[in-house]
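Participant: Below: one structure in structure tokens.
The values are calculated or read from the model by the stated rules, or taken from the named source; none is laboratory data. Keep in mind it's a predicted model, so treat the numbers as computed, not measured. Because the Cβ atoms are built from the backbone with ideal geometry, glycine has one as well, and the counts that use them run over all protein chains shown.
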Amino acid sequence: MSILIDDDTRVLVQGITGREGYTRAKLMMEYGTKVVAGVTPGKGNQTVLDVPVYDTVEQAVEAAPELNTSVIFVPAPLVKNAALEAIDAGIKLLVIVPDRVPIYDVLEIASAARLNGAKFVGPNTLGLLSVGKGVLGMIGGRAETARAWFKPGDVGVTSRSGGITSSISYYLSKSGVGLSSIVHVGGDAIVGTPHPEVIRLFQEDDATRAVVMFGEIGTTQEEQVADLIEQGIFTKPLIAFIGGKAAKSGTRFSHAGAIVEGNRGTHESKVKRLKEVGAHIVDNFDDIPTVTQEVLRKLKT
């Protein structure tokens, strides 16, 4: 198994005729993802990478009713309309790659997704990758790199940083720890599938035995993960590293969503809460592979 991507995933790329859309569609297809259609308004009736392009999502879904996932590569001001169009057409999973999407636009997308039983990852995300199966977005950059860097196994990765998502996954694989699925939840304050939702999906995934989480200051995502452990909803080992230890109140740490507000969302509060529920906290980033290996060894005994 895997999370969010499976053998039935059929992908629409919104913005496929643009530079990013074309490049990332090529990555996804070469990695094995089934990209069925593309959409760029005004550029229908052509093909890109042998994929038919339509003017609207509705036209794409009419031609390919099996479409169930959209990866969006359009300028930030156009993301809301693109996402709402996909949701209205019945697409159930969206990966919203662009950053700088206005927060009120994200709230509208979230409301529409809830009303229509859809999910979205991002915005401001590299996307997600199921090792050896498929990629949605741009993790790995190129298919050959993704295959070389990320080895199959049973450890899931969830991260709030795009660069750290790739780094953790690479160093785990290099150390001999294989991976099941990799998710960059996105760096904004409001995202469609935050850590707690990813953790729930990993709990249900038989292919995942343990999870590595990269957290940051700001928001309460990591504390919510601790709540899931305390409530017995998440029962698999969690290895966690929390970035932003030196950040002071009012300081933003790399991402829009990584900002301390008073005593809320601090490094100290997140680490304390996760330790309370038995998560394996890693203080030195370089020690993540070693700690993960130790946790996996204990699972076998």
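Participant: Consider segment 203-233. How many of its residues are part of a loop (DSSP other than H, G, I, E, B) and touching a strand residue (DSSP E or B) at 6+ places or on another chain (Cβ under 6 Å)?
Facilitator: The qualifying residues number 4.
Participant: Shifting gears a bit: Taking the residues in segment 183-210 that are polar (S, T, N, Q) and more than 11 Å from the chain's Cα centre (by Cα) as candidates, determine which candidate is farthest from ILE164 (Cα to Cα).
Facilitator: Among them, the one singled out is GLN203.
Participant: Mind checking which strands (runs of 3 or more DSSP E) fall wholly inside segment 78-180 and carry at least 1 residues that are of a type in the set (Gly, Ala, Ser) and buried (at least 24 other Cβ atoms within 10 Å of the Cβ)?
Facilitator: Once the strands (runs of 3 or more DSSP E) in segment 78-180 are filtered for at least 1 residues that are of a type in the set (Gly, Ala, Ser) and buried (at least 24 other Cβ atoms within 10 Å of the Cβ), what remains is 127-130, 134-137, 152-159.
Participant: Hey, among the residues in segment 197-223 that are in contact with an Asp or Glu (Cβ under 8 Å, 6 or more places away or on another chain) and under 15 Å from LYS236 (Cα atoms), which one's surrounded by the most Cβ atoms within 10 Å (Cβ to Cβ)?
Facilitator: MET213
Participant: Going residue by residue through segment 52-61, is there one that turns out to be surrounded by 16 or more Cβ atoms within 10 Å (Cβ to Cβ), assigned to a loop (DSSP other than H, G, I, E, B) and in contact with a Phe, Trp or Tyr (Cβ under 9 Å, 6 or more places away or on another chain)?
Facilitator: The answer is no, given that none of the residues of segment 52-61 is surrounded by 16 or more Cβ atoms within 10 Å (Cβ to Cβ), assigned to a loop (DSSP other than H, G, I, E, B) and in contact with a Phe, Trp or Tyr (Cβ under 9 Å, 6 or more places away or on another chain).
Yes/no per residue for (1) surrounded by fewer than 13 Cβ atoms within 10 Å (Cβ to Cβ); (2) at pLDDT 75 or above; (3) closer than 25 Å to SER166 by Cα:
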| site | (1), (2), (3) |
| --- | --- |
| GLY243 | no, yes, yes |
| ALA258 | no, no, yes |
| ARG273 | no, yes, no |
| HIS280 | no, yes, yes |
| VAL291 | no, yes, yes |
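Participant: List the pairs whose first member sits in segment 174-201 and is without any contact (Cβ under 8 Å) to a residue 40 or more places away in the chain, whose second member is among the aliphatic types (A, V, I, L, M), and whose Cβ atoms are under 8 Å apart, counting only residues at least 6 apart or on separate chains?
Facilitator: PRO194/VAL185; HIS195/VAL185; HIS195/MET213; HIS195/VAL225; PRO196/VAL225; PRO196/LEU228; ARG200/LEU228; ARG200/ILE233
Participant: Related question: Taking the residues in segment 62-77 that are part of a strand (DSSP E or B) and of a type outside the set (A, V, I, L, M) as candidates, determine which candidate is nearest to GLY15 (Cα to Cα).
Facilitator: So the residue we want is SER70.
Participant: Related question: Among the residues of segment 34-46, is there at least one that is part of a helix (DSSP H, G or I), within 30 Å of LEU201 (Cα to Cα), outside the structural domain of ILE182 (by TED's automatic domain parsing) and not small (Gly, Ala, Ser)?
Facilitator: No, there is no match, as no residue in segment 34-46 is part of a helix (DSSP H, G or I), within 30 Å of LEU201 (Cα to Cα), outside the structural domain of ILE182 (by TED's automatic domain parsing) and not small (Gly, Ala, Ser).
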